[in-house]
Each structure stands twice: as structure tokens, then as C-alpha cells.
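**Q** Below is the structure I would like to discuss, written out as C-alpha cells.
Every number in this text was worked out from the coordinates using simple rules, so none of it is lab data. Since the structure is predicted, the reported quantities are computational estimates derived from the model, not experimental observations. So basically every Cβ, Gly included, is an ideal-geometry build from the backbone, and we count neighbours across all protein chains shown.
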Amino acid sequence: MVVLSVPRRAGKTTLSLAVNLDHLDITSDQRAWYTAQRRETAAKLFRDEWVPMLEPLSRLYRLRRSQGSEGVHKRRGSSRLQLFAPTADALHSTNADTVTVDEAWAFDVESGEALEGGIRPAQLTRPWRQTWIVSAGGTVESTWWDRWLTAGASGLPGVAMFDYGADPTDPGYDPADPAVWVGAHPTAGIAFGLDVLHREWAIRESDAAFERAYLNVWPRPSEVLAAAGVDLALWSAAARPSVSVTSVRAVAFDVAGDRSSAAVAVAGPGPDGATVVEVIDARRGVGWLAAAVRDARRAHPGARVVADSLVTAGVIAELRRVRVAVDPVGAGDHARACGAFLDALADGRLSHRAQAVLDDAVIGAARRPLGDAWLWSRARSGVDISPLVAVTLAAWSVAVAAPRGRGAVVVVAAPDRPAPRYPAGRFGRPGATGASMR
């Protein structure tokens, strides 16, 4: 996966063509596909930008210009570059090696994930598969583009990130300063003179419009801090340190944004019918996580295992290799899980064990918008919120899915026996009660 973020007029159209033509030479039967926010937009780019560049190369490439079948075909072999509509089923029954999604800012998370869901099966059997997600800055609605930028910046395995633009948090940042323009725009002063940007600044609709177009500075959804995370009075009222889980129905896991730590949680009904959530493991790093999830699944064979589809993609793949089924949760369902978590808390349908590791995550948690919904924000929270994300997904799984197979009956902490204590100086405050943290 390649994520390329550049200002406008930085040459991404030419680069996209060059990358795809290069990939057509990998084998004699390469299938490359290109789309933008609409197929009509991609077709116009093909006619207006690519065709004039390729016409002098007619001995190498054959151009198809008929509406609906536009493409570039190698004269030797059967490799080709074609256009497709940005829909979930556009690549059904096809093979895809290289797929380029341009103008990614135009997609929200749900439409972007639907598009991804159509791309991945088409690439499944292709050994040279690669997806490019390319765009300039977007708007607060550009949640899919923002999600991939966040993934790239976090060092998600398998993602190469190239991000060109100005840093608005730099003390020297001034959108009117030509030095800022040159530092932010990779082709300023090369593909066009700085006098062009002087004119654009003089006739700008607004500072924000200029910043988005030429400095790649825009209001990213993950950086817009929404309302505070959890009502702490409700959270305190839901604390049941000695509560028991009658049947573990879900195991969920999550990792910190910088992959410095991770958490595993379980959920199931308690004696009073409310859903009980508990963090059963939380440690530094992520190398331990797959084994811990596998052990939890073995201990609770009827439980469903869930995790965020993007942030934990590497761990999900590792678990699948050892035959542990994981249900990946997309952004839409993740947002529904967050809303349902607070609804259950407000209605008295959720209990927790007053664990310090979870309390700390709740106290420091913040939200970020996702369309008309919201998610817990790893970037804006003051602490590692992986324990909170894990219990959120576990509780949601219990609410929406029937138990699979034979659920294991466990007692988390018997009423007549004190709950285990956190080791001082690790994840809990000294003397806090809750799950034993290995």
C-alpha cells in the first residue's frame, strides 16, 4: 500500500501514469486500474492529460478511447491500464495488480471501505499487487483519506507513506510566506514560477482555501477535538469491582496509535443482566498480543474475537495464520460501537470492574468526528486508549452477535474473594483492584 499526499498541481497525475506504465512491464500480463472520485473524472483525465503524453509513444502503447472502455494497452504482451468506477463491485470477476485511487479526499470512511472491499479480492491471487491511495488535502468530511494518513503516519506494516505539505504547528508557519510555499510544495519554482502562487494568494477566496490547495493544510477529522470522552459520574456509578461474568461472549483487542502498547478485553453478561467488560491483559509493545489473544480464545471457545480492521491489521493476519478467526470491525461499525457503549453506560446496562488501566484510559479519552458519528481519538487523547477501545468493541460484539458454539462459564472475581491487585508501577495505580496484569 502506498499513501501519497501532495498539494494540488504537484504532478500526481503524471506520476500516477508513470507508476502504472512502469508496472505494466513487470510481467507480460499485468492488470492496472485507475479511478478517481467518479469514473467520469478519471475518463476526463485520461483524455485531457494522459492521451497527449502517450500519443508520441504509439509504437509501445495502443490507446483505447471509446467511452466506457478507455485504456492503455501494451503492444507486446497483454498488459493494460484501464479505468474503473469507484464502487464496491466494479472489479468483480477481474484480476488487479496495481490499483490507483486518486482524489481520495472525496470519500468518507464507509464509501472508501466499500471501494477497498472490491479491490482486495481482485488482487488476492496476484503476486505483484499494490494499491496507491493518492490525494491533495480534503475537508472535515474526508474521513477515509484521513484514516489512511493516520495509518501511514503510525507506521502501519505494509504501508509506505509520502506526505508533502506545510506544518501549521511550526512557530514559523505563515501561509503568506513564499519560503513556506517552497518548503511545502514539491514543484513550486520548478513546474511553475512563484509568481503563480503570488497571484493565487492575492486572489484567494480565503486563507483556508489557499492552504488546502497549495500547502496541503486542511482540517483533518482526526485532529478536530470533539466533546469530552465519557461522563465520569456515569462511569463511576457503573463500577462493580467484584462483579462476575457468567459467560464470556467476546474477546477484543486493540493497539496504541504508535504501537507502543496494546490491550485485550472480554465482555459478557453479568448476574444482573448488564454487560460486564474487563481488561484481561495490557502491556508494552505488540509482540505479545497475538499469543495473548490466542490464549484468551482457547480459554473461552464460544467467544467471538473482534478488532479494528485497520489499526490491528498486522495482528489479525498473524492470528489467521494460526487459525484464530477474527472478525475485523470497519469504521462504520466501530462508530456504532462507540455510540452504543455510551448509550449502555447511560442506561445502566454496562458494568466494569474499576480497573486502574481502564479508568486511566477513560479519564484521558477524547473523541473525533466520523461523518455524523464519532470514534475514540488515539491522536487527541492524553493517554493510551487501547484498553477503552478494546472494551468498547467487546461490549458491542456482545450486543449485536449471538454467542458462537458453547460459551465458557468463568468467574472473574468471586464476591467472597478480593479481586487481584495490579502490580505497583506497571499499568495500575498501586493498590488498585481489577484484572491481573501479566
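**Q** How would you rank ILE363, ILE133, going from fewest to most other Cβ atoms within 10 Å of each one's own Cβ?
**A** ILE363, ILE133
**Q** Follow-up. So I have (1) 32.0; (2) 24.0; (3) 22.0, and one of them is mean projected area of the Cα convex hull in nm² calculated from this model. Which one is it?
**A** Comparing each candidate, only (2) matches the computed number.
**Q** Output wanted: per-residue J couplings in Hz (rounded whole) for segment 264-277, from phi through Karplus 6.51 cos²θ - 1.76 cosθ + 1.60, θ = phi - 60°, x for Gly and Pro.
**A** 10, 9, 10, 8, x, x, x, x, 8, x, 6, 6, 9, 10
**Q** Counting only other residues whose beta carbon sits under 13 Å from that of ALA18, what net charge do I get with K and R as +1, D and E as -1?
**A** -2
**Q** If you don't mind, there's one more thing I want to ask. Add -39500 (n - 2.57) for each DSSP H run of 4 or more in the chain, then divide by its residues: what number comes out at 222 nm, to the nearest 500 deg cm²/dmol?
**A** Result for the chain, helices only: -9000 deg cm²/dmol.
**Q** Taking amide H positions as placed in the peptide plane 1.01 Å from N, state which residues far from VAL306 in sequence (5 or more) or on other chains have amide H under 5 Å from it.
**A** Close amide H contacts, sequence-distant or interchain: VAL251, ALA252, PHE253, ASP327.
**Q** Moving on to the next point. Run the numbers on segment 240-341 and let me know its relative contact order in percent, using alpha-carbon pairs under 8 Å that are six or more apart.
**A** Reported as a whole number, the value is 24 percent.
**Q** Separation of segment 319-374 and segment 45-117 by C-alpha centroid, Å?
**A** For segment 319-374 versus segment 45-117, the Cα centre distance is 38 Å.
**Q** Over the alpha carbons of segment 1-55, what is the largest minus smallest coordinate on each principal axis, giving the biggest first in Å?
**A** Its Cα atoms span 32, 27, 20 Å along the three principal axes.
**Q** While we're looking at this one, here's another question. Among ARG220, ARG47, ARG380, which one moves the most in a GNM of the chain with springs linking Cα atoms closer than 10 Å?
**A** Top of the fluctuation ranking is ARG47.
**Q** Something else: Whole angstrom only: what separates the Cα centroid of segment 232-259 from the Cα centroid of segment 151-216?
**A** Centre-to-centre distance over Cα atoms comes out at 43 Å.
**Q** Between SER236 and ARG336, take the C-beta separation as r, use R0 = 35 Å, and let me know the FRET efficiency to the nearest 0.05.
**A** According to the calculation, E is roughly 0.90.
**Q** Is the shape of segment 2-164 rounded, prolate or oblate, going by the alpha carbon gyration tensor and its root eigenvalues a ≥ b ≥ c, with a/c under 1.5 for rounded and a/b larger than b/c for prolate?
**A** It is prolate, given that a/c is not under 1.5 and a/b is the larger ratio.
**Q** Give me the percent of DSSP beta bridges within the chain that run antiparallel, rounded to the nearest 5.
**A** 45 percent
**Q** Rounded to the nearest 0.05, what FRET efficiency do ARG321 and VAL383 have when you use their Cβ-Cβ distance and R0 = 30 Å?
**A** 0.40
**Q** Hey, another quick one. In what sequence, highest mean first, do 111-123, 168-180 appear when ranked by Cβ atoms within 10 angstrom?
**A** Output ranking for 111-123, 168-180: 111-123, 168-180.
**Q** In units of 2.2 N^0.38 Å, what is the alpha-carbon radius of gyration of segment 228-353?
**A** In units of the globular-protein estimate, segment 228-353 measures up at 1.06.
**Q** Now for a different question. Just VAL398, VAL159, VAL19 to compare: in a GNM of the chain, with alpha carbon springs under 10 Å, which one fluctuates most?
**A** VAL19
**Q** Still on this structure: Can you list residues from other chains, or at least 5 along the same chain, whose modelled amide H is less than 5 Å from the amide H of SER261?
**A** Amide H to amide H, under 5 Å and 5 or more residues apart or across chains, SER261 pairs with ALA256, GLY285.
**Q** Name the long-range amide H neighbours of TRP132: under 5 Å, sequence gap of 5 or more, or other chain; modelled H, no Pro or chain starts.
**A** Excluding prolines and chain starts, which carry no amide H, the hits are VAL2, VAL99, THR100, VAL101.
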